[in-house]
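Beneath this line is the structure, given in structure tokens, with notes to follow.
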Amino acid sequence: MSISTGSVWVDGSSSRMQRYNIFRRVNWGRFAVVAIPAFWLGIFFFIPFLVVFKISLSETAIAVPPYTPLLEWDLEEAYINLKISLGNYLYLLEDAFYLEAYLSSIKIAAISTFFTLLIAFPIAYLIARSDGSRRALLLALVILPFWTSFLLRVYAWMGFLKKNGIVNEFLLSLGIIDQPLVMLQTDFAVYLGIVYTYLPFMVLPLYSALEKMDMTLLEAAEDLGCRPAQSFFLITLPLAIPGIVAGCLLVFIPAVGEFVIPALLGGSDTLMIGRVLWDEFFLNRDWPMASAVAIVMLIVLVLPIMLIRNGQGKGEAI
Amino acid sequence: MTSSQPIDTQNATATANSNVPLWKQQDAEPFLKIENITKKFGEFTAVDNISLDIYKNELFCLLGGSGSGKSTLLRMLAGFESPTSGRILIDGVDMAGVQPWKRPVNMMFQSYALFPHLSVADNVAFGLKREGASKHEVKKRVAEMLDMVQLGHLGKRKPHQLSGGQRQRVALARSLVKRPKLLLLDEPLGALDKKLREETQFELINIQEELGVTFVVVTHDQEEAMTLSTRIGVMNHGVIVQTDEPHDVYEYPNSRFVAEFIGSVNLFEGKVVEDQPAHVRIDSAEAGGTLFVNHGISCAPEQIVHVALRPEKIKISHNRPDQTENCIQGVIEEIAYMGSLSVFKVRLPSGKEVRVTQPNFTRHMGERFTWEDKVFLSWDEDSSVVLTS
């Protein structure tokens, strides 16, 4: 169809020419540059995702690996048996525990993201406003914790927060409290851990958004009758929105699936989907159920976020 | 409509005082009074004890190179910097401690500083909304202002969708919409190309006259300062070297700095040999003779001075002109044909190079000059100025 309409406009020789050019114009260098990350994502993200999806459609079995195969065949008996089980997904809907775990994860992640934003904004603002060498130093300080293992840093927080930990000892010695505070194994410790761990992921995109902002815009706002607080809400904040969105996504998405922090700092009643996943895999050895939990989390979280990002991209292009 | 009142007052003052500009009237009250303003950044003195009076409806240009302190002075007027010492009075009110958002002043920024996330109309409306003007009022005044800068049809666009010239107009509209008493313009035409700049210069003057707002313009472009301003303040190293009308700054510079900064000039170093109330004679080895200037100067006898002579004041000829004073001989070394005029560089026997410009009156110049021609340079006795500093 398109070829026939095309031939109305383009005569034979030039369309041959175009085909010839398209063939020659393939930029192999560019192709290679794009192919390497595409290959990487395919091998280490997309194929594992398909494997997990496949497992989620099977049933538990006492076998190695511990689930029933999706596809069975016997050439001699001449049968192929494709067995797709939706039982895991149905069970997810039936048992309120999973829904609760999802909601609780989203709640904890959302609150932590909010506080991360609240703390990261002044830090990013300060860095963006400081000059030259000082800015480099502050940025290095933000990134510095990455030099130490994440696990080690979470353990360090345990040392801070436990009953006879540094914080309690300090407050006791000052006489501010007479009894040690219970901080470890509470939701508070989980929030603290998440905010602490993900702070750099919020600071950096905020910094890059704020750094681009022209300071004379604030002077212009003041000149037109804005008090500094007003100009913050009318100028700085709207211009930082791309950074805020990027930072919040970078914190919120991994925080929802966070396992280590609730496991080490949270109490037994801290319900997060990451822990549910772990329990299904390693305690119940129910791989199909665990896979289904993971797939649903992906759909619930990533799809809406992808749609938001997509819409935003279009909005900015106009 | 909005501008009728300022025009009336302007006319009233003009008729009452028979067209003598305010700055030449003894008893006129300055609108903007700058008293002994100094601004130091650490050890560096950006503005050094400047006093300046600017009158209502003036279009005053602060002209200077980069680092001359002109922008710092402007920022102090806007309230973004506070002076280390001295006072600024706008319409009789001391501005000390008055925050930028409370001053009756608006500024047009060199970068325009348009808010990128707001549309053109919202940019212009920004200041009015902060004032708490009613929706209807905001809409009406924004429309009026955009029409004045001929952008009425582009209100919905975002700044990045405009050309440089259009952005400049938006910035101007935004800074004028609050009807400030005083408008500060930081290099208002600096980002425009030459042709657009020339058109916009006249537009700016028209708008200023129509609205009757006092303008203070900062620029490094002497041509811009000459066309725009009622008066020019030439700045150098934090000091105003000379404040005068454009014509006077050009024809009667008070120092070598001003003479060289504005336009091009030939300077002859020499010694005063005859010092009379109505004329002086200066013996200049550089010029190769005695120069006669028909105005008196105050100087010590035998003082070393400079005689400044603009290139266009010099006549060039093959034959010796019939005047005895101010006539020197040289050889044409370079010729530049620039369309409307020709520039000659003439080497004197002393080695001094003199720049001469001649307008090209006709297509075929009567007298043709070429390289290595021996020529006479002559000028009238009132063409040159003696500079003692």
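Counting beta carbons within 10 Å around each of B:VAL249, A:VAL195 and listing the fewest first gives the order A:VAL195, B:VAL249.
In percent, rounded to a whole number, the relative contact order of region A:95-285 is 34, using alpha-carbon pairs under 8 Å and six or more apart.
Of A:PRO66, A:PRO37, A:PRO228, the residue with the greatest mean-square motion in the GNM of chain A, using alpha carbon springs below 10 Å, is A:PRO37. I need the helices of chain A that pass two filters: whole DSSP H segments spanning 18 Å or more by Cα along the axis, and mean Kyte-Doolittle score no lower than 1.0. Span-like helices in chain A: A:28-41, A:96-129, A:187-211, A:237-256, A:287-317. Counting Cβ atoms of other protein chains within 10 Å of each Cβ in A:223-235 and taking the mean gives 6.
As a proxy for reagent exposure, A:CYS226, B:CYS61 were ordered by neighbouring Cβ count within 10 angstrom, fewest first; the result is A:CYS226, B:CYS61. Looking at region B:274-368, the trypsin sites (Lys or Arg not before Pro) that sit in a DSSP loop and have at most 11 other Cβ atoms within 10 Å of their own Cβ are B:ARG363, B:ARG368. Our summary gives chain B a relative contact order of 15 percent, counting only alpha carbon pairs under 8 angstrom and 6 or more residues apart. A helix-only calculation puts the protein assembly as shown at -14000 deg cm²/dmol for mean residue ellipticity at 222 nm, using -39500 (n - 2.57) for each DSSP H run of at least four residues, averaged over all residues. Shown in residue order for region B:307-320 are the 3J(HN,Hα) couplings computed by the Karplus curve 6.51 cos²θ - 1.76 cosθ + 1.60 at θ = phi - 60°: 9, 9, 9, 6, x, 7, 8, 8, 9, 10, 7, 6, 8, 5 Hz (x for Gly and Pro).
Taking trypsin sites (Lys or Arg not before Pro) across region B:138-217, the ones in a DSSP loop with at most 12 further Cβ atoms lying within 10 angstrom of their Cβ are B:LYS156. Pairwise Cα separations in region A:55-122 fall into 5 Å bins from 0 onward with the following percentages, short to long: 4, 14, 12, 13, 12, 10, 8, 8, 7, 6, 3, 2, 1, 1, 0. Each 20 Å bin from zero holds the following percent of Cα-Cα pairs in the protein assembly as shown: 12, 29, 27, 19, 10, 3, 0.
When a/c is below 1.5 the answer is rounded, else prolate if a/b is larger than b/c, else oblate, so apply that to region A:170-318 with a ≥ b ≥ c taken from the square roots of the Cα gyration tensor eigenvalues. In terms of gyration-tensor shape, oblate. Relative to the 2.2 N^0.38 Å rule of thumb, chain B has a C-alpha radius of gyration ratio of 1.17. Listed by chain and number, the aspartates and glutamates whose C-alpha is less than 17 Å from the C-alpha of B:LYS70, apart from same-chain residues fewer than 8 away, are B:GLU35, B:ASP48, B:ASP53, B:GLU81, B:ASP186, B:GLU187, B:ASP221, B:GLU223, B:GLU224, B:ASP244. Simple point charges give the picture: +1 on the Cβ of Lys and Arg, -1 on the Cβ of Asp and Glu, and for region A:69-193 a dipole about the Cα centre of about 1120 debye. For region A:116-244, the gyration tensor built on C-alpha atoms gives a prolate shape. Its axis ratio a/c (a ≥ b ≥ c) is at least 1.5, and a/b is the larger of a/b and b/c. By the scheme Lys and Arg +1, Asp and Glu -1, what is the net charge of all other residues having a beta-carbon under 12 Å from that of B:GLU35? Local charge sum for B:GLU35: 0. Within chain B, antiparallel bridges make up roughly 75 percent of the DSSP beta bridges whose residues both belong there. Please say if chain A is rounded, prolate or oblate, where rounded means a/c under 1.5 for a ≥ b ≥ c the square roots of the C-alpha gyration tensor eigenvalues, and otherwise the choice is prolate for a/b larger than b/c and oblate otherwise? It comes out oblate by the Cα gyration axes.
Using alpha carbon centroids, what distance separates region B:194-222 and region B:320-389, in Å? So the separation of the two Cα centres works out to 34 Å.
Taking amide H as placed 1.01 Å from N in the peptide plane, the amide H of B:ASN326 sits under 5 Å from that of B:PHE292, each at least 5 places away or on another chain. Close amide H pairs (under 5 Å, H built 1.01 Å from N) link B:VAL273 with B:ARG281, B:ILE282, B:ASP283, residues at least 5 positions away or on another chain.
Computed over all pairs of different Cα atoms, the Kirkwood value for the hydrodynamic radius of region B:281-340 is 14.1 Å. If you take every DSSP beta bridge whose two residues both sit in the protein assembly as shown, what share of them, in percent to the nearest 5, is antiparallel? Rounded to the nearest five, the antiparallel share is 75 percent. Each residue in A:VAL51, B:VAL149, B:VAL331 was given a count of other beta-carbon atoms within 10 angstrom of its own, and listing them fewest first yields A:VAL51, B:VAL331, B:VAL149.
Where a number appears in this text, it was derived from the coordinates with a stated rule and is not lab data. Given the structure is predicted, the values throughout are model-derived calculations rather than measurements. Note that each Cβ is placed from the backbone with ideal geometry, even for glycine, and that neighbours are counted across all protein chains shown.
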